[in-house]
Amino acid sequence: MRHPALAPTASDWTILCDFDGTIALEDVIDSLLERFGRSGWERLEQDWRDGRIGSRECMRGQVALLDMSPDELALHLDNCHIDPAFAPFVKAVRASGVPLRVVSDGLDHAIQVILGRHGLGDLPVAANHLRPVAARRWELNAPFRASHCPSGTCKCACARQASGAGNRTLLIGDGASDFCAAGEVDFVFAKHRLINHCEAEGIPYRAIANFDDALVLLPQLLAGGLDTELATLPMVAQS
């Protein structure tokens, strides 16, 4: 839900942040599939891209095709990197008293391990749950799914929950899994494909290349300095 342009304070805001391609410099599940995926994961990927299946069905099938040991998973995650400015961004957010939650259609274990390596393991995470079922076999559960949503993690539901207490909500994201949620929040810091989506839908946003840009924009947002865009860009009808 979009809020009218009032005089905001930092405490009015909640931040929802995507992980793969936004915090992480690569898509972690894609990198795992390319290294450990058995035959068939590419077909599921194409079915998802063509709209024949949702991301939850796609990822559940792909995770079932992973052939890796826990040690191989741990070693792989050790070589996954995040935006170097994300930790300073979190520090600035915390200093402002603004809640930040990672919302991802990726894997909770990967997110927690990678963030933990940077001292950020205490960030709340909504993501798909990766569970071992045999020595080299895995399954995916979706604790943040919604009955009406084909995604593993319903980011729209996360956005509605964040704004339910009357807070304004900022989404930081980069791709298709963020499209729906972008229409549910008050403002977007957008990368990559999400920039084009916000342009096409008239969603108030600022483009960022990385979290260095987000650090520059954050104080302006919290002080109400970006409200001109929020007030003047066309609004998307809310259901």
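The values are calculated or read from the model by the stated rules, or taken from the named source; none is laboratory data. Please read these numbers as outputs of a predicted model, since none were measured by experiment. So basically every Cβ, Gly included, is an ideal-geometry build from the backbone, and we count neighbours across all protein chains shown.
Observations on the structure shown:
- Residues that are closer than 19 Å to Gly175 by Cα, in a helix (DSSP H, G or I) and in contact (Cβ under 8 Å) with a residue 60 or more places away in the chain, drawn from region 33-61: Ser55, Arg56, Glu57, Met59
- Among the residues of region 158-168, those that are out of contact with any helix residue (DSSP H, G or I) (no Cβ under 8 Å at 6 or more places or on another chain) and closer than 15 Å to Val125 by Cβ comprise Gln161, Ala162.
- Only one of the numbered conditions (1) over 15 Å from the mean Cα position of the chain (by Cα); (2) in a helix (DSSP H, G or I); (3) not aromatic (Phe, Trp, Tyr) is not met by Leu115, and that is (1).
- So Leu73, is it surrounded by 12 or more Cβ atoms within 10 Å (Cβ to Cβ), touching a Cys at 6+ places or on another chain (Cβ under 7 Å) and modelled with pLDDT of 95 or more: no
- When residues of region 34-44 are limited to those that are buried (at least 18 other Cβ atoms within 10 Å of the Cβ) and not aromatic (Phe, Trp, Tyr), the one nearest to Asp178 (Cα to Cα): Leu44
- Selection count where residues are closer than 21 Å to Leu215 by Cβ and either more than 21 Å from the chain's Cα centre (by Cα) or aromatic (Phe, Trp, Tyr) (or both), scope region 11-50: 3
- Pair list, Cβ under 8 Å, 6 or more apart: region 165-188 residue closer than 15 Å to Phe19 by Cα and among the hydroxyl-bearing types (Ser, Thr, Tyr), other residue modelled with pLDDT under 95 and in a helix (DSSP H, G or I): Ser177/Ser55
- Summed over region 80-100, the residues that are of a type in the set (Lys, Arg) and surrounded by 16 or more Cβ atoms within 10 Å (Cβ to Cβ) give a count of 0.
- Some residue of region 129-151 being of a type in the set (S, T, N, Q), under 15 Å from Asp105 (Cβ atoms) and out of contact with any Ser or Thr (no Cβ under 9 Å at 6 or more places or on another chain): yes
- Evaluated against (1) part of a strand (DSSP E or B); (2) at pLDDT below 95; (3) not basic (Lys, Arg), Val102 falls short on exactly one condition, (2).
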